[in-house]
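I have placed the structure first, in the form of structure tokens, so that the comments after it can refer back to it.
The values are calculated or read from the model by the stated rules, or taken from the named source; none is laboratory data. Keep in mind that this is a model prediction, so the values were computed, not measured. Virtual Cβ from ideal backbone geometry, glycine too; neighbours counted across all protein chains shown.
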Amino acid sequence: MNDSITFGSQEIKMIDRSSISLTGVSKIVSFDDEEFLMESNMGNIRLLGESLELLKLDTNEGNVKIKGKINSFTYLDGKLKNKEESMIAKLFK
């Protein structure tokens, strides 16, 4: 039996690596000007780039718009942790 059930769909629209719009985002776990960690209905997402800036966040609809130089967009397996927790965990490995 699969414990993770996804509902709905997700749309990702990137324009010239300078802006990205996503639907289906349920939570922004952490973000700064180089990294966004998000939970979505299709899985956890890590967005890496430079000078990243949150332009729009609609938690009711799950819409997010980010601008900046986008270098990487990845779906992650497992739970997301905020950046501070991740750095501490790396120190004690």
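Here is a yes/no grid of residues against (1) in contact with a Ser or Thr (Cβ under 7 Å, 6 or more places away or on another chain); (2) at pLDDT 95 or above; (3) under 18 Å from D58 (Cα atoms):
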site: S4; (1), (2), (3): no, no, no
site: F7; (1), (2), (3): no, no, yes
site: Q10; (1), (2), (3): yes, no, yes
site: K13; (1), (2), (3): yes, yes, yes
site: D16; (1), (2), (3): no, yes, no
site: S21; (1), (2), (3): no, yes, yes
site: K27; (1), (2), (3): no, no, yes
site: D33; (1), (2), (3): yes, yes, no
site: E39; (1), (2), (3): yes, no, yes
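When M38 is tested against the conditions (1) over 11 Å from the mean Cα position of the chain (by Cα); (2) surrounded by 11 or more Cβ atoms within 10 Å (Cβ to Cβ), the lone failure is (1). Of all the residues in region 48-73, those that are under 19 Å from S9 (Cβ atoms) and surrounded by 15 or more Cβ atoms within 10 Å (Cβ to Cβ) number 5.
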